[in-house]
1. Looking only at region A:4-42, count every residue that is more than 14 Å from A:ILE270 (Cβ to Cβ), touching a residue at least 12 places away in the same chain (Cβ under 8 Å) and not in a loop (DSSP other than H, G, I, E, B) and tell me the total.
2. From A:THR283, A:THR276, grab the single residue that is farther than 28 Å from A:ALA75 by Cβ and either within 14 Å of chain B (Cβ to nearest Cβ) or in contact with a strand residue (DSSP E or B) (Cβ under 8 Å, 6 or more places away or on another chain) (or both).
3. So, in region A:241-256, of the ones that are exposed (fewer than 13 other Cβ atoms within 10 Å of the Cβ) and over 22 Å from A:VAL152 (Cα atoms), which residue ends up nearest to the chain's Cα centre (by Cα)?
4. Any idea which of A:VAL260, A:VAL225, A:VAL241, A:VAL268 is closer than 26 Å to A:VAL113 by Cα, in a helix (DSSP H, G or I) and among the aliphatic types (A, V, I, L, M)?
5. Please go through region B:1-22 and pick out each residue that is crowded, with 17+ Cβ neighbours inside 10 Å and more than 8 Å from chain A (Cβ to nearest Cβ).
6. Please count how many residues of region A:153-189 are away from chain B (no Cβ under 14 Å) and out of contact with any Leu (no Cβ under 6 Å at 6 or more places or on another chain).
7. Name the pairs whose Cβ atoms lie under 7 Å apart, with the first residue in region B:124-144 and in a loop (DSSP other than H, G, I, E, B), the second aromatic (Phe, Trp, Tyr), and 6 or more positions between them or separate chains?
Amino acid sequence: MHTAVNTLIHLLLTLLLPPLLLGVINRTKAFFAGRTGAPLLQPYHDMLRLWRKGSVFSSTTTWLFRAGPLVTLAATLAAALLMPLGNQPAPLAFTGDMILFAYLFGLGRFFTVAAALDTGSSFEGMGGAREATFSCLAEPALFFSLVVLARVSSSLSLSGMLNDFPPAAWFGSGAALLLMAGALFIVLLAENCRIPFDDPNTHLELTMIHEVMVLDHSGPGLATVLYGASLKLFLLGALFVHITVPFRSGNVIIDWCAFVGAMVLLAVAIGTVESTMARLRLTRVPQLLVSASLLSAFAMLLVLRQSP
Amino acid sequence: MNTFADQLLVLVFLLNFMVLGSSRIGIAIRVVAVQGMVLGLIPSLIHQVSPHLLLISVGMVGVKGFLIPALLNRAVRTVGIKREETPFLGYVPIMLVGAVATALAFLFADKLPLAPQHKDLLFVPAAIATLMTGFLLLVSRKKAISQVTGYLILENGIFIFGLLLTEAMPVMVEAGALLDLLVGIFVMGIIINQISQEFSSIDTSRLTSLKE
């Protein structure tokens, strides 16, 4: 009974919360710019509006273009089932599920890039090339961080890693965990195409990565893309929040509230980063991603050296 | 010896990466200053506080944290350069080489016949990695000022080794080393100025093509 309710809350949160994060980020940016900003629920309205519109498909595209957003969303939703939220075990957990988690994002990314290439536009091909390059630089950082987590919590599944993550580890190997948290935050920003890697608001051709790949989608397809992107932000954010806020009260309701509060705080933090930093020059992006990989590799080195 | 000193040494490692990856000379000087100050604080943390240790700490923080950076900043202002434009090896490759060197430092430190109480500490790998970072900077950068920062980081590595023996090290030796360093930096500052006056650039790779 208890697990059923928790699974229900898990599913509801995953389905309903992600666009709110976008709303909070936009509100924070508006606050820094001295504007009132769009209402917090604006992303929901945007998606509903797009959902009611019709779609236009270019005659050069094939089924791949239509499948792109759907497969991406499906892969991200499947990844959502593996991610534990609010200190409750995930609906699906098995040994080694972290690798499936990472590569479900890979599958989604592959289909986004394939759909972009399918339009035959050189402009979208450029975006696809950028996305593929940067994500393959971000991948080692994610995996080194997962190895650190596996070592600290001595578990090989995401639920075990994040829920049994001992808060005491912050005292024992705080430096290593801090490095890993920094690397994960960089990965979080890079994977979700936020500033300093990519500006989600811009449609200026030289700088875009994610936005350029989805230019040809319209109507429900675009709504699916937007929703999938916010869900990805939510999931990677949940991973980050679990490590940086290892808060366990024992009470289920308090844990869920703390989780939602921490996610909103994370959105505010991302909004703050976006307001205070400029976008990096494109040639500097690989350098930052390689540094993130080095940070997490170094964290791994430190943790592996410690006797368990 | 405690874990807090270990966390500070992790900071030293990070500063190594930062100086390898940044093209601005101002950042490199600041990083070296912070590294010197961090190292100056460590002796008082790991040993019993004594006047001798306090003297070393104050000397380190004062000379490496304030005096030498001030000298270097003055040199940068006089020659009017801000960044290292074309190093022999790019910033991403050199960071990767630095990472490999750090990993090798850990492996090497495990093989060394150390005293048992020093076995699990980060001091020895940190010392070797910092030495290697200094070497890498010295060989990969072209501007004389960047090479001076490399030399300072090299010296920091030697100091970390010395930390294990601080109690046995007479204060005169430490003071002598600091004085040597200070004079060295002073001389280098003058040489940098001289190079830039004579050749209107402080790019040391051009020195090889000198003619009468």
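The values are calculated or read from the model by the stated rules, or taken from the named source; none is laboratory data. These numbers were taken from a predicted model, which means no experiment stands behind them. Glycine gets a Cβ as well: all are built from the backbone with ideal geometry, and neighbour counts include every protein chain shown.
1. Matching residues across region A:4-42 total 10.
2. A:THR283
3. It comes out as A:ILE253.
4. Residue meeting the stated conditions: A:VAL225.
5. B:ALA5, B:LEU8, B:LEU9, B:VAL12, B:LEU15, B:ASN16, B:MET18, B:VAL19, B:LEU20, B:SER22
6. 16
7. Here the result reads B:LYS142/B:PHE88, each pair linking region B:124-144 to a residue that is aromatic (Phe, Trp, Tyr).
Yes/no per residue for (1) over 15 Å from the mean Cα position of the chain (by Cα); (2) closer than 30 Å to A:GLN306 by Cβ:
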| position | (1), (2) |
| --- | --- |
| A:PHE111 | yes, no |
| A:LEU117 | yes, no |
| A:ARG130 | yes, no |
| A:PHE144 | yes, yes |
| A:PHE171 | yes, yes |
| A:ALA175 | yes, yes |
| A:LEU188 | no, yes |
| A:MET213 | yes, no |
| A:HIS217 | yes, no |
